[in-house]
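Visitor: Here it is: the structure, laid out below.
The values are calculated or read from the model by the stated rules, or taken from the named source; none is laboratory data. Not measured: the values here are computed from a predicted model. We place every Cβ from the backbone using ideal geometry, glycine too, and count neighbours over all the protein chains shown.
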Amino acid sequence: MRLFLLIIPFMLLSPKKDLNCLNCSDNNKFSVLVITETKGFVHKSINAGLDLIKSLGDDNKFNVYFSNSSDVIIEENLENISSIIFLNTTGDILNLRQQEVMEKFIRGGKGYVGIHSATDTEYDWKWYGGLVGAYFKNHPIGTAKAKINTINSQHISTKHLEKDWEIRDEWYNFYNINPNINVLLNLDESSYSGGQHGDNHPITWFHEYEGGRSFYTGLGHLSEIYSDARFINLLRGGILYASGGLKY
């Protein structure tokens with residue numbers, strides 16, 4: 001009876017949450033975990049994002065696990081995960097224990113990828129703000145076609161991009177931008193209305209953070225983005241960088 005009473009509290013504190021896998025194979029090289037939980041606005045493009053990441057996993061030999069609940073962020077589940085991807089997450093989705101687990105994960109040399117509203121997530125968790133690289137402030141009403149300047153064409157995520165190119169999406173303004181981010185793509189505010197950063201409006205970046213790697217892109221509001229070859233290769237490179245520390 002005493003043994004039973006000791007085991008039950010431990011089980012309650014450390015529940016095992018099964019992970020769903022979209023394409024698991026023993027032949028794949030590494031694994032990523034996609035989190036899609038929302039405590040605010042729910043993007044219709046989440047399913048398109050999952051489809052794309054699964055396709056990237058198929059083509060680049062990595063397993064894609066996913067969950068719409070951050071309850072899966074426990075140490076046992078992350079042992080064989082190379083990077084965690086926040087796909088259009090919103091709001092306060094992690095409890096204190098899950099935050100601790102994620103911090104340990106990154107400090108252990110692992111990676112993080114944030115897509116679009118990943119910056120509209122965990123405003124009260126300062127460490128996360130440093131990881132994702134900025135917080136969402138606001139955006140102009142609706143979507144618009146805008147010009148993007150490729151600032152760094154040497155990174156694995158941007159090698160395929162032209163110096164200047166146009167695409168339609170919802171364009172975020174940010175605050176608390178981490179000064180240590182390495183900007184990959186910059187928005188040309190003269191090409192649309194509602195920008196608030198002037199000449200320096202980062203929209204995609206990467207950086208090393210407390211022993212791990214982080215990649216973020218503000219693109220990803222519209223479903224059609226996830227079938228655009230430029231974005232597909234951008235996200236591919238971001239995932240490969242975050243998951244394996246590929247040089248840039």
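Visitor: So residue 140 passes all but one of these: (1) more than 25 Å from residue 242 (Cβ to Cβ); (2) within 20 Å of the chain's Cα centre (by Cα). Which condition number does it fail?
Guide: (2)
Visitor: Then there's this: Have a look at 13, 22 and point out the one that is at pLDDT 85 or above and within 22 Å of residue 81 (Cα to Cα).
Guide: Just one listed residue meets the conditions, 22.
Visitor: Kindly indicate whether residue 220 is surrounded by 15 or more Cβ atoms within 10 Å (Cβ to Cβ), under 23 Å from residue 63 (Cβ atoms), touching a Lys or Arg at 6+ places or on another chain (Cβ under 9 Å) and among the small types (Gly, Ala, Ser).
Guide: For residue 220, the condition - surrounded by 15 or more Cβ atoms within 10 Å (Cβ to Cβ), under 23 Å from residue 63 (Cβ atoms), touching a Lys or Arg at 6+ places or on another chain (Cβ under 9 Å) and among the small types (Gly, Ala, Ser) - is not met.
Visitor: Counting only residues that are touching a helix residue (DSSP H, G or I) at 6+ places or on another chain (Cβ under 6 Å), free of Cβ contacts under 8 Å to residues at least 60 places away in the same chain and farther than 17 Å from residue 240 by Cα, how many does segment 36-65 have?
Guide: The qualifying residues number 2.
Visitor: Something else: When residues of segment 17-42 are filtered for being in contact with a strand residue (DSSP E or B) (Cβ under 7 Å, 6 or more places away or on another chain), within 18 Å of residue 121 (Cβ to Cβ) and not basic (Lys, Arg), how many remain?
Guide: 8
Visitor: At least 3 residues that are of a type outside the set (A, V, I, L, M, F, W, C) and more than 30 Å from residue 190 (Cα to Cα) in each: list the helices (runs of 4 or more DSSP H) lying fully within segment 26-143 that qualify.
Guide: Passing ranges, in order: 46-60, 75-78, 96-107.
Visitor: Taking segment 118-167 as the region of interest, how many residues are among the charged types (D, E, K, R) and buried (at least 16 other Cβ atoms within 10 Å of the Cβ)?
Guide: 2
Visitor: Going through segment 87-104 one residue at a time, which ones are crowded, with 16+ Cβ neighbours inside 10 Å, in contact with an Asp or Glu (Cβ under 9 Å, 6 or more places away or on another chain) and closer than 14 Å to residue 68 by Cβ?
Guide: Listed by number, the residues that qualify are 88, 89, 90, 93, 94.
Visitor: If a residue has to be out of contact with any strand residue (DSSP E or B) (no Cβ under 6 Å at 6 or more places or on another chain) and under 13 Å from residue 70 (Cβ atoms) to count, how many in segment 105-118 make the cut?
Guide: 1
Visitor: Looking at (1) buried (at least 18 other Cβ atoms within 10 Å of the Cβ); (2) closer than 23 Å to residue 170 by Cβ, which is the one condition that is false for residue 81?
Guide: So residue 81 meets the others, but not (2).
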